[in-house]
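Structure, as structure tokens:
The numbers here are math on the coordinates, done by the rules we state, and not lab data. Since the model is a prediction, treat every value here as computed from it, not as a measurement. Cβ atoms come from the backbone with ideal geometry, glycine included; neighbour counts cover every protein chain shown.
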Amino acid sequence: MIKINSKLPSSSESIFAVMSQMAEQYDAINLSQGFPGYSINADLIALVNKYMQRGLNQYAPMIGVPELRSAISKMHLEASGFEYNLDTEITITAGATQGLYTAISSLVGEGDEVIVFEPAYDSYVPAIKANGGKPIYISLNHPTYKINWEEVNMRISSKTKMIIINNPHNPSGAVLDDNDLKKLSKIVKGSNIIILSDEVYQHIIFDGQKHCSVANYPELRDRSLIAGSFGKSLHATGWKIGYILAPDFLTKEFRSLHQWVVFAINTPIQYAIAEYISNRETYLQVNSFLQKKRDFFLEVMKNSKFIPIPSKGTYFQLMDYSAISNDSDIEFTKWLCQDKKVAAVPVSVFYHEKTDHKVVRFCFAKENSELEQAAKLLTNL
């Protein structure tokens, strides 16, 4: 046997893959993995075909086709009032996850500390550890999932290289507001700390709230990389088209590694998305569309013993099941999938110490008929 010193010896299969496999195995309704259960817009499909037929099927530029970078620049100018330079500050990536991994890999080194808020999307910590960094875990306040900024200030050290935020937040659906971003600005002012802001759900925010991007705050914008994705807003998670926005000095570091990771991203889909999002409604309407989904799911679940925790963004709904079972959330989700034929995600897996608040996550980005069918099964518990 060849001896290998694993970079991630404790790494296991993603919970999303595990639960989707279980859903298939037990013929359960899959409300676990976060992917839409409805079709992509036919006009967008036609645009992809159009650009394929035009012969635009070879390598795209390493930083992405200029048409898409220009469209992204306009999109963020309208949202934040700040225009990212399409040549030096925007890079197209193979989904947000690749962008996040490359951002961490290009900027975090041996012994660097990275502040991570738990529950945390599961790709952050493996990327930190694989690059020799040390995750510094700070738990969000349950059940509001708000950040304790005083604790953040206390946990910063001379080794703090990066703070990762996720807004709107997966898995909780919590949203950072203007006060949060101002507090973060004050904490990092005058430091060398980099912000990595995961904003893939920026267009999915509910109840009239405004998305507060780091791009809206000069102190943060000048030290931040923003990860975005079209998978969520265009219902096309399998296409894996994302992007990174960052000041030119951070973009330069990002691209120095990005070029060796994937080099180029799917060409005809880039052109198709660029043309499609030239109509702002194609991505702005997803907000009201998914708020209706959330409200529908809450309505059909109102007679169950699950207690909903407010979802202010994303397409996830957390539910407290403590009135139903004392089992751990991992055991509860296994039972739910195997016996009751509904797949959910246990929230404890998003904590490094598997903190269990008796909460599970459901994805409501599904057809109403599927949500209603799942609710009938769940209401009987």
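Per-structure values
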| item | result |
| --- | --- |
| Top positive-direction residue, dipole computed over segment 56-279 with Cβ charges, set 141, 233, 64 | 141 |
| Cβ crowding within 10 Å averaged over residues, with 13-26, 207-220 ranked highest first | 207-220, 13-26 |
| For peptides 89-98, 172-181, sequence by mean Cβ density within 10 Å, most packed first | 89-98, 172-181 |
| Peptide ranges 304-315, 145-156, 223-234 listed from the most packed, as the mean C-beta count within 10 angstrom indicates | 223-234, 304-315, 145-156 |
| Dipole magnitude of segment 1-78 about its Cα centre (Cβ charges: Lys, Arg +1; Asp, Glu -1), debye to nearest 20 | 420 debye |
| Assigned charges on the beta-carbon of Lys, Arg, Asp, Glu; the chain dipole about Cα centre (debye) | 220 debye |
| Convex hull projection area averaged over all views, segment 255-373, Cα basis, nm² | 11.1 nm² |
| Given charges at beta-carbon only (K, R positive; D, E negative), |dipole| of segment 1-160 in Debye | 340 debye |
| For segment 77-170: rounded, prolate or oblate by the Cα gyration tensor [a/c cutoff 1.5] | oblate |
| Cβ-based exposure ranking for 193, 2, in which fewest neighbours within 10 Å come first | 2, 193 |
| Gain on full stretching of the segment that runs from residue 182 to residue 326 - 0.36 nm per residue minus C-alpha separation | 47.9 nm |
| D (Stokes-Einstein, µm²/s), Kirkwood Cα radius, segment 218-323, 0.692 mPa s at 37 °C | 192 µm²/s |
| Per-residue Cβ neighbour rank within 10 angstrom, fewest leading, 361, 255 | 255, 361 |
